[in-house]
Structure formats: C-alpha cells, structure tokens
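Student: Sharing a structure with you now.
Throughout, read-outs are computed from the coordinates displayed, never taken from laboratory work. These figures come from a predicted structure and were not determined experimentally. Positions of Cβ are backbone-derived with ideal geometry, glycine not excepted, and every protein chain shown enters the neighbour counts.
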Amino acid sequence: MRKPNPYDAHVGARLRACRTLAGFSQERLGAAVSLSFQQIQKYEKGLNRIGASRLQQFAQILNVPPSYFFEDMPGIEQQPQARPEHAVVSEIEQDKSPVSRRQALELVRNFGKISDAMVRDRIFQLIKAAAASYSGKEGEEEAVAELAAAAAPTEETP
C-alpha cells in the first residue's frame, strides 16, 4: 500500500476533525456530496487527494472557510486562523490519543448545545479548575476549593 502524501494526510485529518466536531458521520457527509463513506475514509486518511471543488463543498457543508483545511500545515507559513474555535480543533488534533481526541470533540460539540448560560459558565469553571489541578498550575488545596466552588449549586440553581 502506498504511503499518503503528508499534505493530503493533513487536509484529510482536518476534514475528519471538522466533520466530527460538526456531528457528521462519514455516511452523512458522503451522502451530502454524493459519495460513499469509503471515499470519505480515503480522503480522511490522505489516500485520495481532495480536489478544489470538493474541498469547497466540504467547507460549505461544515461551515468553515476552505483555508481551514490548510491551517497548521507543516512547512507552510502560518496565517491567522479564521475563527477562534479552529484553534481549539488544532490543539485537539495535536493529541495523538484517539480516545481523548474524540472526547474533546464531543465535549465541545455537546457544550455548544447547552442553552442555559449559567449552566454553561458553571461547567466551564468546573473544567477549568479540574484542568488547573492536574496541570500543577495551582496548589492542590486551592484547586480542590475551586472544584468544590464550581460544582456547588448557587441560590439561583433550582
């Protein structure tokens, strides 16, 4: 089996990350552009090169600019990213563990579905405090106190 071109593999990895974040299965994305899920798999693995018109279709369906697929490409001078959430996807892609990558993408997608701003803020504070406690940025006692405060219900919480 031939080895994929690194640029094709990068574009494919960005397609996979964006598709997952948008909540599309390979089957659903394939159907949207009249392709089989196997063809989407080949694109995502970099085995088949994605043409410009097809890349534009993917960009429209996934609501990203076509340049998104080329961001963070090794050996290419970096341009500013189009939208802040793309930076999050780039950081998630850096993690080579498929489980944590999938968890992070699902977390971002599901977090966006929470309509109550107060609940979103409490969850955000909880995650931030948990991350700080494991990254060694704060003392253990202070991190535990922040976790408890973030998880504690307020008077406004039913």
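Student: Give, in nm to one decimal, the length gained when the segment between ALA13 and MET73 is fully stretched (0.36 nm per residue of separation minus the Cα-Cα distance).
Tutor: Answer, rounded to one decimal: 20.5 nm.
Student: Could you calculate the FRET efficiency of ARG109 with SER34 from 1/(1 + (r/R0)^6), where r is the beta carbon distance between them and R0 is 35 Å, rounded to 0.05?
Tutor: Once the sixth-power term is evaluated, E becomes 0.90.
Student: What distance in nm separates the simple spin-label points at LYS128 and LYS45, each placed 7 Å from Cα in the Cβ direction?
Tutor: It is 4.2 nm.
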